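Right, one structure below, let's go through it.
What follows is calculated from the coordinates using simple rules that are stated; it is not laboratory data. What you are looking at is a predicted structure, and each value in this text was computed from that prediction instead of being measured. Reconstructed Cβ throughout: ideal geometry from the backbone, glycine too, with neighbour counts over all protein chains shown.
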């Protein structure tokens, strides 16, 4: 006979509260789709049919790969630049002030500004969403890395001086382990932002990718496909978060 504590544990493992809320939303969705029609709110069954169609046809892989390629370039370049800025902030106090001011300006700049500038500078090419992704994710990643560098326990650095560690040894043995949680947190937020920004940028100037196909679906009044590709975006984010960032966190935790 199961005890109340054991039943609660099984409910937690099976995410029963979340499942109940999901089923309630699904029922409400079905009712509203009947009330407002397929153009405004397509039925869940129509969305599932659309998902099956793009998987069978292979369209989902083509457009998802195109988006992830652009995201990987923009996000990867932003990560490399953010690490360089974090190193500069650690090595030099004047550089730290410059980095803080530059990040404040970048954080205050709207995504729409970068999209417009990318279209002016790069035209209707892959570089427009890549550049936009880079400029939007850079301040998020760099802010977290700089914060991690600044949070290093100064007593550990003084201990490193006492043991006559070189600057490189102090950076790898003290600064990097302290900054890792901030780095991973910034990567989680940054990737989610990169996915959203890249998809928005794809609406304006490319002929492949999730943003492009979502906009095309809107233009041909296939609203159910807009929902389908939105679900694809959610699935990508969840998979990357669980498979990539959780894995990185576990490995880095063991390394620390």
Length gained if residue 122 through residue 77 is fully extended, taking 0.36 nm per residue and subtracting the Cα-Cα distance, is 14.5 nm
Compute the convex hull volume of the Cα atoms of segment 23-140, divide it by the residue count, and report the result per residue in Å³ as a whole number. 181 Å³
Give me the distance in nm between label points sitting 7 Å out from Cα along the Cα-to-Cβ direction at residue 244 and residue 220, one decimal. 2.9 nm
Final fewest-first order of 36, 69, 212 on the 10 Å Cβ neighbour count is 36, 69, 212
Taking 40, 197 and counting other C-beta atoms within 10 Å, the order from fewest to most: 40, 197
Once the piece of chain linking residue 237 and residue 35 is laid out straight, how much longer is it, given 0.36 nm per residue of separation minus the C-alpha distance between them? 69.6 nm
Could you pull out which residues in segment 42-70 have an amide N less than 11 Å from a spot 7 Å beyond the Cα of residue 18, following the Cα-Cβ vector? none
Given a Förster distance of 41 Å, the FRET efficiency implied by the Cβ-Cβ spacing of residue 57 and residue 25, rounded to the nearest 0.05, works out to 0.90
